[in-house]
Structures are given as structure tokens and as C-alpha cells.
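For reference, the structure is listed below as C-alpha cells.
The values are calculated or read from the model by the stated rules, or taken from the named source; none is laboratory data. Note that this is a predicted model, so its numbers are computed, not measured. So basically every Cβ, Gly included, is an ideal-geometry build from the backbone, and we count neighbours across all protein chains shown. Calculation scope for accessible area: heavy atoms of the full protein, side chains included, ligands and nucleic acids excluded. Shrake-Rupley method; radii C 1.70, N 1.55, O 1.52, S 1.80 Å.
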Amino acid sequence: MSTDKWNLSFKVQRKSGMAAAEWNGDNRTIEQLIEDYQPGYSMEQQFYRDPEIYQREIENIFLKHWILAGHVSQIPNAGDFFLFEMDRESVIVIRTRDGEVRAHLNVCRHRGSHICLEKQGNAKLLTCPYHAWSFDLDGNLVSARLMAEDFDKSQNGLHAAKVELVGGLIFISLSDNPPSLATMRKDLGDVFDTFGFDHMKLAASKTFPIAANWKLAVENYQECYHCTPSHQEYAKIHALALAPEKFAELKEDYLAASDGSVRQEESSCYFDRAKPGDEGYQYGRNPLLKGMKSGALGGEAVAPLLGKLKRHDGAASEFMVGPLSFFLIYNDHMVGYRFVPNSHETCSCDVFWFVRDDAVEGRDYDLEKLTWLWDITTQSDEEIIVNNQKGVDSHFYRPGRLSKMEYFEQSFLNWYLAALKG
Amino acid sequence: MSTDKWNLSFKVQRKSGMAAAEWNGDNRTIEQLIEDYQPGYSMEQQFYRDPEIYQREIENIFLKHWILAGHVSQIPNAGDFFLFEMDRESVIVIRTRDGEVRAHLNVCRHRGSHICLEKQGNAKLLTCPYHAWSFDLDGNLVSARLMAEDFDKSQNGLHAAKVELVGGLIFISLSDNPPSLATMRKDLGDVFDTFGFDHMKLAASKTFPIAANWKLAVENYQECYHCTPSHQEYAKIHALALAPEKFAELKEDYLAASDGSVRQEESSCYFDRAKPGDEGYQYGRNPLLKGMKSGALGGEAVAPLLGKLKRHDGAASEFMVGPLSFFLIYNDHMVGYRFVPNSHETCSCDVFWFVRDDAVEGRDYDLEKLTWLWDITTQSDEEIIVNNQKGVDSHFYRPGRLSKMEYFEQSFLNWYLAALKG
Amino acid sequence: MSTDKWNLSFKVQRKSGMAAAEWNGDNRTIEQLIEDYQPGYSMEQQFYRDPEIYQREIENIFLKHWILAGHVSQIPNAGDFFLFEMDRESVIVIRTRDGEVRAHLNVCRHRGSHICLEKQGNAKLLTCPYHAWSFDLDGNLVSARLMAEDFDKSQNGLHAAKVELVGGLIFISLSDNPPSLATMRKDLGDVFDTFGFDHMKLAASKTFPIAANWKLAVENYQECYHCTPSHQEYAKIHALALAPEKFAELKEDYLAASDGSVRQEESSCYFDRAKPGDEGYQYGRNPLLKGMKSGALGGEAVAPLLGKLKRHDGAASEFMVGPLSFFLIYNDHMVGYRFVPNSHETCSCDVFWFVRDDAVEGRDYDLEKLTWLWDITTQSDEEIIVNNQKGVDSHFYRPGRLSKMEYFEQSFLNWYLAALKG
């Protein structure tokens, strides 16, 4: 959209009584706010409150990029499906008869009703409960009663979302022309192989609703400056909670002791470092504290080693794809975090726990022990983020200086402002 | 209002971050959206989401037309009243000392307080609980303490709503110049006489809140394309659930067998077929399935025959007045449906069951049996309508093709768009 | 802000589908609405519904004037604090090491998190739970880990709110340049002395949430025209519930009998009568009904006499400061009322009960008896105010004529409209 149009729209918004700027006596347009952003600082209040900015995020971010929808182990058989829901969208992620994973908008082409009402299930046909229009598992309209002779079924299939599998991880994009995942695939093939991305299953998942703007949730996940004050359990296991100097020492020790069986080389193509046309991604490996094996109570191992791993080497890898999906890969399990915007003032953090696909619950792993660390940690993050929003809502909030441990958040902010500009 | 003004307002609305168009990259004004409507299709998303369009509906539809407020049997004695509530309005429908039915806005002329706080009751005077200004049952201000000498009580009566009785049915309009009901009265006098509209009583009523735009609820009631998939109980009794050809056969058989004791002739002056200045209305009679007598389990009769009817003839009549009030007249009871808008995203469906006024509950009819069919049917309609709204809210919803069984909905859409244009 | 700008903004608002004017076919700007106000009448609907007007109230009223935050007896020791919350603001009111009362915005200067999460408590340091930035009790930033070398702690203290003590009453203002309390202090020194404002304690407090615009709550408190119809308990004790003539007689009798031990002379510098630059205030003393001693069941005394008072003289004093804080001073206790806006359609009334600081609960006063009158009275006021909002929301509400007993409300309306104009 043209800057002029947005200037207009933003000035209008400024007058609508809903946004922060007017109440702060601030008449800047979105473009001005973006230009005025001062690196090294948090962003202005408007970015966390303004419904107009949220609308622009939908168009420029949520409907363009890739997001984790779920895992193939949720839909092993033809007709198995689950719903992925974000903002006002509902997407049917389904296994077709030929074994492929497809995603269809859960919107009937007749008068728009949701077709699948259950969050998951198995269907032979996708039949709308309203007027019984029926679509096959590939989304083609196969029956619609009493339509005019000139009605063309072939033009009335379900709207398709793009799907890409990364191992068993199902990513979708609602864009017709999403950024490419090819660079990431080529770069991280060895990582997926080492950790057995093709041989995992979803062991558990949990949704944490958050009464705050989605960016405060994502920012929270981009920095470990808060880990020591807020996450003592995490801080007893992960070296990332340490100050940069101490962390560097531990990392050197770890690299010296490493047998090279796991990739150490970083790939920092995330956020503002992504190549044009590519989806942002990142891979890195960081030491745990001495003696820690995994992200569990006491740093104990909680499941069989993933993929080709032969031992616990006292480290964990990080992996991210796109702006909303993040993974922490321990040697014996992987945790996924997905941040889902629901409105300009609410979002959710969905946490997924993955183990190797031949592991048997009760025998090879205990769900309580597996999920403990990131359940309590995400609970406290939810509190932190909500309290952050409350203060950001204040007339007296002003952007504050970032610390040396918030460099990754800075990357997110740089990327976000450019993406919002569109 | 002038198109220019509305163009302006709508462009502004488009920028307010609340409407669908912006998020669909759609900048059309209301006028453009109305002009662009394609007959044979459902309407654009904006009509079901946009608060600006809802404001216009209030002015051009809700405050102009007639709506069922209730029934005289609810207020047999002088001073008996009940409240009719719609959107932000509360109306006192009351029996005056001279036995007339009047409707007053429930808004004190002093500082605006609601006067009647109970949903129904009996009052000798309408005394505001705030400062004790008192109004007689006709709405005249009769006492107000300590007012200046120049204060004129006669200028401070309650604002009156228009009232018309159709048999015992109480219709009200909030317009000073509502469309005329005279044509309908003249046309349908024989119908009211046959079914004994003057000799009914309200046996039961139930409100179904619906988390959807009011039009999705009204549209749902305009077509029986969904009856077979959604309402098996209804479909086992009513021929209207059949495909047009099969329905036509049954209707021919019925007409051949009819003894003419009930009017068969249709009056299709509803929605876009109403004469200028007249309120839209419709009368029609449709067969039930073979052997069915009434809208109850197994098609059994559930109450004494209405009015002058001598037998069950295997049919039911439909009657509507205005855009929000609909009636289904079985030979032994009448069901009324009223769709009440409460906001741009919520409404309610209020269902009323009427029987002849000398019928005695327990002896002549059983409430459970009387209300069974349209209780479960309206419950499932509520689910259908809410699921419809969820899909219409999607960025990917587009107007879809209507079927041959949605001709009556087409009439509603044509009328609605013209009414909205004003 | 310039009128032009507001004209623009208001026209926009008028189109946003949220405000009352459009729906009333009313296109007036805020300035026009203010100019068109007719003295002797209540205000137009827009003032009670329009989010744009509420935004303007935040800037021109809530963030400028003084409001009761609480009482020193709530924070006797260094580090004791409580939170005062209004609209989107949270303020930490705290006792410093040198015994002073300070108020800090509860907004961390790093990324804006709320710092104090409990409504009250004791703190040695104000440490943000998010990243552990720590502020001393005076609001100075004393530690922030891992910041760049050029980071200046001295520039990152908590934002301070203005604080003034009136006896033990803590008033705060969020303005850098609030109206002066000096005139009030000089004028009412004898009153504070007589009633022992320096020697009270908070005995109880209660919050009443009100689903109505804050002005309807303040207006309700400005007039006793509603006392007889709505507050029979109050009306059995207070002469103010009487008609003006009867009240005047009682007041004469009271003044004749008075021994002058309590100031009788009125100070009417409230609302539109305040001197430029001064905060509005008012003092007055009014008789109780014959034989009544205090605001309690049967007019009985419920606590030890306040300050220098030697007897019950059958009267009570009124005291107000600023637009939102009001006090009723009986000879044996003081009741405070604070009206707190939370949004354009919700507010709360917080009631405080004060007794002399050496009174012992159980021995010298009973909480039930002390709080009875203004608990039930405020409960019924809450109902009244909500019913008033419901009627004001109607399309058919129009400003109504005020009575002879609403002169003080008239002062409020005059002041409000001037303050809104800014």
C-alpha cells in the first residue's frame, strides 16, 4: 500500500479513540513511527496496542510467512485431520488418500460455514454440516445438491494453504507466494539427519493463552536476559542464562570436548539476516551447564537419544523457521514453540514435545518428566508477558534501552519494522 | 443520507482497523459494495462484520420496520407490562386503564434512567426509581418534584412507539412513520379468521442467543436447503425439506385433496415484493409429509384445533410480517420466530408457541410435546449460524453460489441491500 | 489541541460506527456539542458513550487534576506501598526511608513491565520481576545488569507522580504542572485542625465496580434529588434529602443552636467556581435530622469524636478536592468517595472509612456499624447509575430538565464542559 494511503489511514486511526498515539498526544503515522525507531531501544507503545497496526501485520506477516501447523504423527492415516487456528482463520490439515499432507481453509465455498467443527478427527469426505456440500480429501467439490446447470464444481474447491514438511514437522503458509524454504533445507540437511527429524513423534502439546500483543511474547522468547530473574529452573540447566563472558567460557570448553558428532556451525539467517526471498531461519548449538544432559529436572535424560546421536554431550541446539516457530533440540527430545496471534491484544503460545517415533510412553519416557521444564517455564513467561503489556499500556511508557543480552531481540525488531513497512 | 457522506464515512471506516474490507485489501464504499452485489450469490464479508454497516442498519431497518413485541395474553389487566429489548432499546409494552395496548420507550425524560427494571410486572404508575418522576400508563408525566415554574409536564411524556395488533399479536415500530400494515390486514383477514388470531394465547417462549450477525440468522430461516442435512426431526414432518420437484408433487396431491376450508392462495408481498409504503408480508400453505398432522414428534397433534378449523388436513401455513418476524401455523398451534439484533456480531432468536386461548395446559396440551420440535430445531440452527459466522470471518471467504432452494433468501438479500441503501 | 483538529477528529469519530452521534443522525463536533449545551439540562448522549470524548477526558481531566490515592496509615513503615490504579495507569504509592510518601509509575524504564504485582506490600528495593532492574524507594535506578558503557542510570529512574498530603490523605496528580492546592490549604486549615485530619486512620475501604460512564457516577453524587426515592436509610438521617425550603429551616435552627466550635462558613470554590490555576474544592456544613448524631443506623454515634470535637452537634461537613474525590465528615468518622474511570463505559466508586487514629476496632468502633450506611447507599447508587446509563444509551434519550435540587450537578456540568474544551 502507498505511504500516502497509510498516512491517511493512520491519521484517521489516531483519531479513532482506540489507539495509543492520540492519548500520548502522538500524531505520527505508521511510517513515521517505523522511521523514528531508535536501534538499541524497545519499540513505541503503538506497536503493541494499535488495531490498525495489527491489521497491517495480518497482511504483511501472518498471511505471508510460514508457521508450524503440527506434526505428521498427528495424522497417520488417510482422512486423519486436525485444525490449525490463527486470528480469524481455521485450516484443515489432513492426510489424503495418496498419503500426502494437505491444508484446506475450513470455509465452505457455498455460504462460508466452517466445515470441520471438531479440532481433530477422521473423515472420508469433508461434508459441510450446513447444506451438505461435500469435498474430497484433496479439497475438490464432489457434490452440491440442486445447483443451477451452469454451476462449475471444479471452480468451487476449498481454498488451499501451502504445505511443506520439514522431517515430520508440518509448516503451512496462507500466502500464494510464500518465502522459500529451499536455502534452509539445503543448509540444515545434516542437522535434520543427525536429530532424526524424519523419525520423531509428537508426545505432548499444551496451549498457553496470553493476554498480550503477540510481539511481546515473541520478544520474550528472543532473549535470555530474563532467564536468571524469572526462570530459576531453566537457569540451573542452560548456560544461556549466564552473562555473555561466562557463557563464552563454557562454550569454548564444550567445543574443545566435542567429538564433532553434532553440527556446531551456526547458521544465522534469521529475521533481518535472511536472504531476500528466503524464509528466515537459524541454527545454533549451545552448552548446558556442566553435568547437564537434557532439559529436565536435575538435567537428567528423559527419553531415548534422538536420530543418530550416540551420547549426551552436554549441549542443546536451537532451530527457528519464520517469525513464529521455534525449536529447542535436546539430545533426547525436541521442544517446539509456536506463537499464534488472536487479536491485537491477545495471542497464545503453543508448546510441543517431540521424542523419537519408536519410543514408548511409560517404558521409554514419562510425560510428567518430559514436559516439566517447559511447562513451568512457559507458565512464568505467560505472567511476565502479561505484566509487560500492562506497563506498555501506560501513558508513561517510553521505549527503553536494551541490554547486551538482547541482541537477538534487536534482530527481531529490525526484521519486524521492515516487514511491517512491507 | 447522501452517498458522498457515506463514501467518506465508509472510507474512514475502512481505515479504522475494525472492518473486514481493509484486511481483505478491499476499499469499496458501502454504495460500491451494494452495487457490486452479484445476484445468485451470498453477500460480501463486510455486510456481516462491519460496525458501520450495522449503524446504518439500525437507522434504515431496525428503527423503521415492524417487529413482534409479544402477545396480548401476556398483559391481560390494566397496568400489566413487559419489556421488549432490541439493540440498545428497551420498550415498555403495557395495558392502559382503558384496555388499550401502548408502548413507551423505557427512558425517563429527566436524566434518562430506565424506569421499569423488571422484565414484566404490573404498575399503577410508571415511577422512575432514580428521582421519582411519575408517568401514567399512557406515558404522560403526572408528577415531577421541585421543577422550575416554567417546566411543562405536558412536553415531558414518555416517547411513544407505534403499536398495531394483529389478532392478539403485538407489533411495534420505533419509527414515526412506519410502513403500512393495511394491505396485509385487508388481504389476510380470512386467514386471521380461520386460524382464530383473536383467540390465541402465548403458551411458552424461549430465547436463543446467537453469536453471529443477525442477517445470518434471518437467512438461515429463509431457506430449507439446509433442512435435510441439519434438521432430521423437521425433515421427517415437513415436505419443504424435499427437493423442489418432489415437493411440487406432494403439493399437488394436497391441493387436490383440500376441501378449501383453509386458504391456499399465496400472498407473496414479502421483502423485495412488497408494495412501496407497505410493510412486507407473506402467506403460504405447504403440505406436511403424508400422515403428518402437526409439528411434533411423529407428526402427532399436540393441542386443540385453532380457530374455525375442523380437522387436520396435513398442511401448515407460513406467515411473515416485516424483516424480523415469522410464523409457522400448524392446525393446532402457531410458532413465532423473532430475530433481534443486539450488536453487529450478536443477535437472538426468540421463539413463541401459541395455542387457542381456551386450551388448558396439562389437560389440552403438554408443554414438552408442544415445544419439542422447534426447541431442538432452533438449537441446531444456533450452532449452524455461529459456524457460518466463523467461516464468513475468514480472510478467504468469498460470496458463494446459491442453490435452487434459496430463492427466498435471494428475496431477502435483494430487499436488504435496497433497504440498506435507504 | 486546535479546534480544527478536533473538528476533524470528531467528524472522523462520528463515522467510526462507535459513537452515539451517527446513530442519532447527529454530526456535531465535540466543540459544537459543548457550545450547544443548554444550561438547566442534562448533557447529550455522546458525552456518555463516545470513546473519542473519553480520550480527551484522559488528557484534559484525569491526567491533570488531583485525586485521592489513599491514606498514610496504609503505609506506616519505610518500604510499605500500595498500588493506585486508574484507567490504564498503575501507580506505586510508597513510604521512603526518610519517611516521605512518594508515588512512582509502576512502569519499568527498561521494557515497560509492571514492577509491583501485588496490590500492597513492603519492599526494600523495587525490583522488576522481568529483568531484575532495581530501583530504590525514591525511584532511582540502582542496578541494571549488562548495559552498554554509555547507559546512564541517573536518566532511567521511575516516572514520578506528584504527591500532596492533606493531613493523612494522600493526593496524587499525574500532571507535571497540576492545579495548586495552596488556596484550599490556607482556607481550610481550621477545618483540618478541628476534625484532626492529622490524626485519622483508614478503618475500612470497599470498591464498587460500575458499568457506566464515570460522569454518571459523579453526577449522582452531586445531587440529593434522588436521596428520598432511592436512599431511605440516608433520608432518615440527613436533612439534605429534604426539599430546599424544609432544609433551609433546619439549617437556620442548627446555626442558631451552634456553639461555633465547628466552622460553619462555606467555601464554594468547587468546579466552575475554582480560581484559575487552583484545584477546585468545597467545604460546607449541613444539619442532620433532629436527634441524629452520625451516619449510622438510627443516627447513633459509632466511633470516638474526631480531632478537637467535644460533642455531637447534629450536623456533618462536606469536603471535596478536585473532580473525583469527595468526603463526608461526621463528628465521629469521615467517609471518602473516589470515582475512578476505567474506560469510556466503566468506572468504580471506592469508598473509604476513616476514624481517629487512636481508636481501637472492637473496643471503640464496630466495622459493621461504621460501614453500614454508605455500603448499602453506594450499592443502590451503583444500580441507579447503571440503569441511568442503559437509558442514556437509547436512540431516544434527549437531555432533560434539571430540578431545583440539582444546582451542584449544574456546577459540575459547567466545569466539565470547560475542562473538556481545554
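Quick rundown of the values:
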{"quantity": "Every residue from region A:147-180 that is touching a Ser or Thr at 6+ places or on another chain (Cβ under 7 Å) and open to solvent by 40 Å² or more (accessible area, probe 1.4 Å)", "calculated": "A:162"}
{"quantity": "Test: residue in region C:282-299 that is at negative phi, surrounded by 21 or more Cβ atoms within 10 Å (Cβ to Cβ), assigned to a helix (DSSP H, G or I) and in contact (Cβ under 8 Å) with a residue 60 or more places away in the chain", "calculated": "no"}
{"quantity": "Members of region C:99-114 found to be on the phi < 0 side of the Ramachandran plot, open to solvent by 10 Å² or more (accessible area, probe 1.4 Å) and more than 7 Å from chain A (Cβ to nearest Cβ), listed by number", "calculated": "C:100, C:101, C:102"}
{"quantity": "Region B:405-422, residues that are open to solvent by less than 20 Å² (accessible area, probe 1.4 Å) and over 17 Å from the mean Cα position of the chain (by Cα)", "calculated": "B:405, B:406, B:417, B:420"}
{"quantity": "Region A:84-102, residues that are within 19 Å of residue A:201 (Cα to Cα) and under 16 Å from the mean Cα position of the chain (by Cα)", "calculated": "A:84"}
{"quantity": "Conditions (1) open to solvent by less than 10 Å² (accessible area, probe 1.4 Å); (2) modelled with pLDDT of 95 or more; number of the one not met by residue C:83", "calculated": "(1)"}
{"quantity": "Sole exception among (1) touching a Gly at 6+ places or on another chain (Cβ under 9 Å); (2) of a type outside the set (Gly, Ala, Ser); (3) open to solvent by 70 Å² or more (accessible area, probe 1.4 Å); (4) not in a loop (DSSP other than H, G, I, E, B) for residue C:124, by number", "calculated": "(4)"}
{"quantity": "Filter result for residue A:303 (more than 20 Å from residue A:224 (Cβ to Cβ), open to solvent by less than 20 Å² (accessible area, probe 1.4 Å) and in the same structural domain as residue A:215 (by TED's automatic domain parsing))", "calculated": "yes"}
{"quantity": "Residue in region B:319-332 that is open to solvent by 20 Å² or more (accessible area, probe 1.4 Å) and either at pLDDT 95 or above or within 28 Å of residue B:213 (Cβ to Cβ) (or both) present", "calculated": "no"}
{"quantity": "Qualifying residue in region A:236-243 (condition: over 21 Å from residue A:197 (Cβ atoms), in a helix (DSSP H, G or I) and out of contact with any strand residue (DSSP E or B) (no Cβ under 7 Å at 6 or more places or on another chain))", "calculated": "yes"}
{"quantity": "Residue selected from region A:59-80 under the condition among the aliphatic types (A, V, I, L, M) and open to solvent by 10 Å² or more (accessible area, probe 1.4 Å), by the criterion farthest from residue A:136 (Cα to Cα)", "calculated": "A:63"}
{"quantity": "Test: residue in region C:47-58 that is surrounded by fewer than 20 Cβ atoms within 10 Å (Cβ to Cβ), in contact with a helix residue (DSSP H, G or I) (Cβ under 9 Å, 6 or more places away or on another chain) and either under 30 Å from residue C:168 (Cα atoms) or not hydroxyl-bearing (Ser, Thr, Tyr) (or both)", "calculated": "yes"}
{"quantity": "All positions within region B:137-156 that are touching a residue at least 40 places away in the same chain (Cβ under 8 Å) and within 12 Å of chain C (Cβ to nearest Cβ)", "calculated": "B:156"}
{"quantity": "Subset of region C:381-404 that is open to solvent by 30 Å² or more (accessible area, probe 1.4 Å) and more than 7 Å from chain B (Cβ to nearest Cβ) - its residue that is nearest to the chain's Cα centre (by Cα)", "calculated": "C:382"}
{"quantity": "Some residue of region B:252-259 being part of a loop (DSSP other than H, G, I, E, B), in the same structural domain as residue B:336 (by TED's automatic domain parsing), at pLDDT below 95 and of a type outside the set (A, V, I, L, M, F, W, C)", "calculated": "yes"}
{"quantity": "Residue under evaluation residue C:376, criteria (1) within 14 Å of another protein chain (Cβ to nearest Cβ); (2) in a helix (DSSP H, G or I); (3) out of contact with any Phe, Trp or Tyr (no Cβ under 7 Å at 6 or more places or on another chain); (4) surrounded by fewer than 20 Cβ atoms within 10 Å (Cβ to Cβ), criterion not met", "calculated": "(1)"}
{"quantity": "Top-ranked residue of region C:346-369 - restricted to ones that are among the hydrophobic types (A, V, I, L, M, F, W, C) and in a loop (DSSP other than H, G, I, E, B), ranked as surrounded by the most Cβ atoms within 10 Å (Cβ to Cβ)", "calculated": "C:359"}
{"quantity": "Any chance residue C:279 is over 30 Å from residue C:368 (Cβ atoms) and exposed (fewer than 14 other Cβ atoms within 10 Å of the Cβ)", "calculated": "no"}
{"quantity": "Residue A:390 vs. criteria free of Cβ contacts under 8 Å to residues at least 40 places away in the same chain and outside the structural domain of residue A:33 (by TED's automatic domain parsing)", "calculated": "yes"}
{"quantity": "Which numbered condition residue A:412 fails, given (1) out of contact with any Lys or Arg (no Cβ under 7 Å at 6 or more places or on another chain); (2) in contact (Cβ under 8 Å) with a residue 12 or more places away in the chain; (3) more than 30 Å from residue C:159 (Cα to Cα)", "calculated": "(3)"}
{"quantity": "Subset of region C:198-212 that is among the charged types (D, E, K, R) and more than 21 Å from residue C:339 (Cβ to Cβ) - its residue that is surrounded by the most Cβ atoms within 10 Å (Cβ to Cβ)", "calculated": "C:201"}
{"quantity": "Strands (runs of 3 or more DSSP E) completely within region B:130-211 that count 1 or more residues being more than 30 Å from residue C:244 (Cβ to Cβ) and of a type outside the set (A, V, I, L, M, F, W, C)", "calculated": "B:160-166, B:169-173, B:200-210"}
{"quantity": "Criterion: part of a loop (DSSP other than H, G, I, E, B) and under 20 Å from residue B:407 (Cβ atoms) - qualifying residue of B:219, B:223", "calculated": "B:223"}
{"quantity": "Enumeration of residues in region A:319-345 that are assigned to a strand (DSSP E or B) and within 14 Å of chain B (Cβ to nearest Cβ)", "calculated": "A:341, A:342, A:343"}
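Here is a yes/no grid of residues against (1) open to solvent by 50 Å² or more (accessible area, probe 1.4 Å); (2) in contact with a helix residue (DSSP H, G or I) (Cβ under 7 Å, 6 or more places away or on another chain):
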position: A:230; (1), (2): no, yes
position: A:247; (1), (2): no, yes
position: A:254; (1), (2): no, no
position: A:261; (1), (2): yes, no
position: A:267; (1), (2): no, yes
